[in-house]
Amino acid sequence: MKNRNSITAFIQNYDHEFDNQIDWLEIHLFEMRNEVLKIERSIFLIGIIDKEWGNRVENNNYSLNRITLFESLIDKVIMGLSKILKGNREYSLLKTINVISQMDEFKNNSAVKKIANETQLFIENSELSNTVIMFRDKFFGHLDKECVISDLRLSPTLFVNEIQKFDLEDIKSTIIELYKVCFDKEIDFYSDQNFNEKDFLDTFFSL
């Protein structure tokens, strides 16, 4: 019990470190933006690697480093999207909107209510949400398999083809709208224009 309490202390919110809830909210939305960007980049890298996987990994050219990094990208996407779509506390989109809706500054704001309704409908009816939660539960909710070989039937690479069907525009637009309503300015979803695909592949497949 002592260890459990010690761990709980580390995952407490940092509300007390902010002067007010508005300051907390701005940092929170920025961190959610950063999470989406990391997920988006991971999906992008997964797609690049997956296209080259069969061509570059053959003749028993097995690299534990390469396998670990590839599966880590997939884990990042699954867990990151799980937090945003179904996360506990106020990290998920719906939890965040609920917090904003109860703040004195926004509780009577019709734009916040509109975003809340649209987001709830999106998450309830989203194929992306259902797919992510299904894979999360399969990968991380059933670790007590009878044999490690059974992992081969449930390889994280199964997720690759599924996740590439989706984009994150609905999630991004919700964060943009929330930030604009709360702070009357745009939040920047930048993209890295200097990424060199060849350099990345050369490095990845030299591991």
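The values are calculated or read from the model by the stated rules, or taken from the named source; none is laboratory data. None of these values were measured; they are calculated from a predicted model. FYI the Cβ positions are ideal-geometry reconstructions off the backbone, even for glycines, and counts take in every protein chain you see. Protein only, heavy atoms only, side chains kept; ligands, DNA and RNA dropped before computing areas. Shrake-Rupley method; radii C 1.70, N 1.55, O 1.52, S 1.80 Å.
Worth pointing out:
- Any chance N109 is more than 25 Å from I163 (Cβ to Cβ) and open to solvent by 60 Å² or more (accessible area, probe 1.4 Å): no
- Answer residue from region 72-92, given it is open to solvent by 60 Å² or more (accessible area, probe 1.4 Å) and at pLDDT below 85 and is farthest from the chain's Cα centre (by Cα) among those: R89
- Restricting region 60-71 to residues that are more than 20 Å from F139 (Cα to Cα) and free of Cβ contacts under 8 Å to residues at least 40 places away in the same chain, the residue that is farthest from the chain's Cα centre (by Cα): N60
- Identity of the residue in region 48-71, outside any helix (DSSP H, G or I) and open to solvent by less than 60 Å² (accessible area, probe 1.4 Å), that ends up modelled with the lowest pLDDT: V57
- Only one of the listed residues (D188, D151, D144, D192) is open to solvent by 100 Å² or more (accessible area, probe 1.4 Å) and either modelled with pLDDT under 90 or outside any loop (DSSP other than H, G, I, E, B) (or both). That residue is D144.
- Search result, residues across region 82-112 that are among the charged types (D, E, K, R), free of Cβ contacts under 8 Å to residues at least 40 places away in the same chain and over 17 Å from L25 (Cα atoms): none
- The number of residues in region 166-185 being of a type in the set (S, T, Y) and part of a loop (DSSP other than H, G, I, E, B) comes to 0.
- Criterion (free of Cβ contacts under 8 Å to residues at least 60 places away in the same chain, closer than 19 Å to I123 by Cβ, of a type outside the set (A, V, I, L, M, F, W, C) and in contact with a helix residue (DSSP H, G or I) (Cβ under 9 Å, 6 or more places away or on another chain)) met by exactly one of E162, E169, E186, E177: E162
- Some residue of region 85-101 being closer than 18 Å to K165 by Cα and in a helix (DSSP H, G or I): yes
- Of the set (1) out of contact with any helix residue (DSSP H, G or I) (no Cβ under 6 Å at 6 or more places or on another chain); (2) at pLDDT 85 or above; (3) not small (G, A, S), all apply to L45 but (1).
- Checking S129 against (1) without any contact (Cβ under 8 Å) to a residue 60 or more places away in the chain; (2) open to solvent by less than 40 Å² (accessible area, probe 1.4 Å); (3) outside any helix (DSSP H, G or I), the condition it does not meet: (3)
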